[in-house]
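So the structure is just underneath, and the comments pick up after that.
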Amino acid sequence: MSKSERLLSFVVMTLFLCSCASIMPFGGVSDKAKIDAAKAELATVKTALGMYQAEDDYASYPSNQMISSHSDLIRILSPYVRLPDPPNASWTFVSYTSAMRDTFVLKGRAKDRKGTLLIVTPTELTPPP
């Protein structure tokens with residue numbers, strides 16, 4: 001192998017390693033952005049559920065029977081907020097429960113690589129510990 005071939009191999013290898021090193025950290029940044037986007041959408045859902053409760057004659061959140069899917073959320077909350085359709089949302093619906101009229105638990109998964117579980121209640125929006 002000549003000196004110019006070795007130099008060319010060294011340059012190509014160096015460029016390859018630099019490109020690999022620069023791509024790897026962005027995966028975590030992308031996942032964080034996806035989680036943050038899901039949190040922002042779910043915060044909007046939380047606010048809209050509060051508006052629903054404020055206008056309900058019995059001051060209650062929607063019942064379990066009313067919400068069993070993302071599409072149900074869109075339909076029930078449409079007077080208060082415009083939510084993206086499930087394929088365009090930054091999260092996927094997992095479950096909704098409302099055991100008593102003054103509380104609810106909405107669970108969704110961010111569309112990151114891990115499918116981070118996010119939990120929404122009237123008082124908080126958080127990933128579980």
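Taken together, the values in this text are just the output of simple stated rules run on the coordinates, not laboratory data. Since this is a predicted model, take the numbers as computed values, not measurements. Glycine gets a Cβ as well: all are built from the backbone with ideal geometry, and neighbour counts include every protein chain shown.
Around residue 59, with a cut-off of 12 angstrom between Cβ atoms, what is the net charge of the other residues, counting Lys and Arg +1 and Asp and Glu -1?
Summing Lys and Arg as +1 and Asp and Glu as -1 gives -3.
At a 10 angstrom cut-off on C-beta neighbours, averaged per residue, how do the peptides 62-71, 37-46 rank from highest to lowest?
With the highest mean Cβ count within 10 Å placed first, the list reads 37-46, 62-71.
Along the stretch 84-95, what does the Karplus equation 6.51 cos²θ - 1.76 cosθ + 1.60 (θ = phi - 60°) give for ³J(HN,Hα), rounded to whole Hz, x for Gly and Pro?
x, 4, x, x, 9, 6, 8, 8, 10, 5, 10, 6
Using only alpha carbons, build the gyration tensor for the stretch 38-92 and give me the equivalent ellipsoid semi-axes, biggest first, whole Å.
Equivalent ellipsoid semi-axes, largest first: 19, 12, 9 Å.
Excluding residues on the same chain fewer than 8 positions from residue 34, give the aspartates and glutamates whose Cα lies under 13 Å from its Cα.
In chain and number order, the partners are 112.
Count neighbours as other Cβ atoms within 10 Å of each site's Cβ, and list the trypsin sites (Lys or Arg not before Pro) in the stretch 55-129 that are DSSP loop with at most 12 such neighbours.
Answer by residue number: 82, 113, 114.
In whole Hz, with x marking every Gly and Pro, tabulate ³J(HN,Hα) for the stretch 109-119 from phi via Karplus 6.51 cos²θ - 1.76 cosθ + 1.60, θ = phi - 60°.
Rounded to whole hertz, the list is 10, 5, 8, 8, 5, 8, x, 3, 7, 10, 10.
If you wrap the stretch 40-129's Cα atoms in a convex hull and average its projection over all directions, what's the area in nm²?
In nm², the orientation-averaged hull projection of the stretch 40-129 is 5.6.
Please list, or write none, the aspartates and glutamates whose alpha carbon is within less than 12 Å of the alpha carbon of residue 46, excluding same-chain residues fewer than 8 places away.
124
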